[in-house]
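The values are calculated or read from the model by the stated rules, or taken from the named source; none is laboratory data. The shown structure was predicted, so the numbers you read here are calculated from the model rather than taken from an experiment. Positions of Cβ are generated from backbone atoms using ideal geometry, with glycine treated the same way; all protein chains shown enter the neighbour counts. Calculation scope for accessible area: heavy atoms of the full protein, side chains included, ligands and nucleic acids excluded. Shrake-Rupley method; radii C 1.70, N 1.55, O 1.52, S 1.80 Å.
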Amino acid sequence: MSASPPRGSTALEGPVAGVGSGGPAERLEARFAAAAREGRAVLVTYGVAGYPDRDTGLAAFRAMAEAGADVLEVGPPYSDPLIDGPVIQRAVQAALDGGSRMDDVLAMVDELTADPGMSPVVLLLYYNLIAHRGPDRFARELVQAGACGAIVPDLPPEEAGEWLAAANREGLAPVFLAAPTSPEARLEAVAHAGRGFVYAQATMGVTGLRASLAGGVDDLVARVRSHTDLPVCVGIGVSNAEQAATVARFADGVVVGTALVRSLGDHGVDGVRGLTAELSAAVRGARATPTRG
């Protein structure tokens with residue numbers, strides 16, 4: 001990875017106007033604030049770093065941003081992907097087989113964020129990858145690479161002291177998950193410890209394509225909001241533009257991953273660009289479309 005200085009003061013002007021300079025977490029927060037001023041939700045798109053290879057993966061993230069993704073969620077490949085379904089598991093294995101490791105992921109993020117108009121980038125990764133490098137080192141490297149924060153799905157906030165301290169020192173956004181089964185005490189802990197946004201799981205279980213949205217996800221969003229003013233994004237179970245539009249009517253953000261990973265494998269970068277454009281149009285127009293009774 002190159003020894004370029006942190007990009008904490010880089011202005012981001014990407015798909016959402018009005019996002020200015022600031023530290024890593026502030027850039028992410030500004031993206032949500034700009035979307036809120038426009039009266040719409042944010043589109044967060046996920047991809048596996050290094051899939052199907054480094055250059056194609058990098059091109060896919062750039063295509064997502066160009067097609068309307070507000071935030072990019074980069075997933076470093078990991079040998080034991082606990083919450084990932086078969087589509088993402090296969091992509092992760094292909095990236096690992098191709099030699100993609102954390103140094104390569106950070107270098108790719110560094111190259112991606114070298115564009116001052118790039119959408120804010122967060123990583124979604126398991127805590128072992130942080131612990132292996134040490135929270136302080138990892139936080140410094142994230143900032144140096146231009147990332148805004150990290151989602152760590154297997155790290156509960158009650159056990160996140162070292163990571164929270166490191167992230168706070170570097171101005172990163174530590175993002176935590178809220179599940180349909182989370183008790184109120186856990187939601188309060190997530191709200192108190194997190195920054196940037198709260199990731200609300202639309203369904204229990206692993207990631208994957210769903211024919212329909214799980215019931216009760218709007219109730220989960222309302223429960224989270226009773227504990228925090230942070231934006232609430234819904235993912236794990238949002239598979240297409242229709243579902244994205246439904247979520248965008250009541251949540252602050254929509255996270256789509258498996259459908260985009262599958263599209264990249266089946267149709268390449270052009271497929272990712274086209275699907276992202278469909279999702280973006282659905283999310284941006286959702287609140288202007290009357291809900292059918």
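Please work out which residue is farthest from the chain's Cα centre (by Cα), limiting yourself to the stretch 175-194 and to residues that are open to solvent by 60 Å² or more (accessible area, probe 1.4 Å) and closer than 18 Å to GLY161 by Cα.
For the stretch 175-194, the residue satisfying everything is ALA185.
Looking only at the stretch 117-144, count every residue that is touching a strand residue (DSSP E or B) at 6+ places or on another chain (Cβ under 8 Å), outside any strand (DSSP E or B) and closer than 15 Å to ALA173 by Cβ and tell me the total.
5
Quick one: in the stretch 204-229, of everything that is open to solvent by 30 Å² or more (accessible area, probe 1.4 Å) and in contact with a Gly (Cβ under 6 Å, 6 or more places away or on another chain), which residue is modelled with the highest pLDDT?
Per the stated criteria, the residue is ALA214.
On the basis of being over 28 Å from ASP115 (Cα atoms), touching a helix residue (DSSP H, G or I) at 6+ places or on another chain (Cβ under 6 Å) and open to solvent by 30 Å² or more (accessible area, probe 1.4 Å), does ASP154 make the cut?
Criteria met by ASP154.
Taking the residues in the stretch 230-239 that are modelled with pLDDT of 95 or more and not β-branched (Val, Ile, Thr) as candidates, determine which candidate is least open to solvent (accessible area, probe 1.4 Å).
CYS233
Can you report the number of residues in the stretch 245-268 which are assigned to a helix (DSSP H, G or I) and either closer than 18 Å to GLY216 by Cβ or of a type in the set (Phe, Trp, Tyr) (or both)?
3
Being over 26 Å from ALA94 (Cα atoms), open to solvent by less than 50 Å² (accessible area, probe 1.4 Å), of a type outside the set (A, V, I, L, M) and more than 17 Å from the chain's Cα centre (by Cα), is that true of even one residue in the stretch 270-287?
The answer is yes; a qualifying residue exists.
Mind checking which pairs have a first residue in the stretch 162-176 that is closer than 17 Å to GLN144 by Cβ and a second that is in a loop (DSSP other than H, G, I, E, B) and open to solvent by 10 Å² or more (accessible area, probe 1.4 Å), Cβ under 6 Å, 6 or more apart or different chains?
GLY171/GLY23; ALA173/ARG195
Give the residue that is farthest from ALA95 (Cα to Cα), with candidates limited to residues of the stretch 31-64 that are open to solvent by 10 Å² or more (accessible area, probe 1.4 Å), outside any loop (DSSP other than H, G, I, E, B) and in contact (Cβ under 8 Å) with a residue 40 or more places away in the chain.
ALA36
Look at ALA114 and say whether it is outside any strand (DSSP E or B), surrounded by fewer than 16 Cβ atoms within 10 Å (Cβ to Cβ) and among the small types (Gly, Ala, Ser).
So ALA114 fits the description; yes.
Check the stretch 94-105 and report whether any residue there is under 22 Å from ALA200 (Cα atoms) and not acidic (Asp, Glu).
no
Only residues that are β-branched (Val, Ile, Thr) and farther than 24 Å from THR113 by Cα: list them for the stretch 157-196, please.
THR181, VAL190
Select from the stretch 66-91 the residues that are open to solvent by 10 Å² or more (accessible area, probe 1.4 Å), modelled with pLDDT of 95 or more and of a type in the set (A, V, I, L, M, F, W, C) and list them in ascending order.
ALA67
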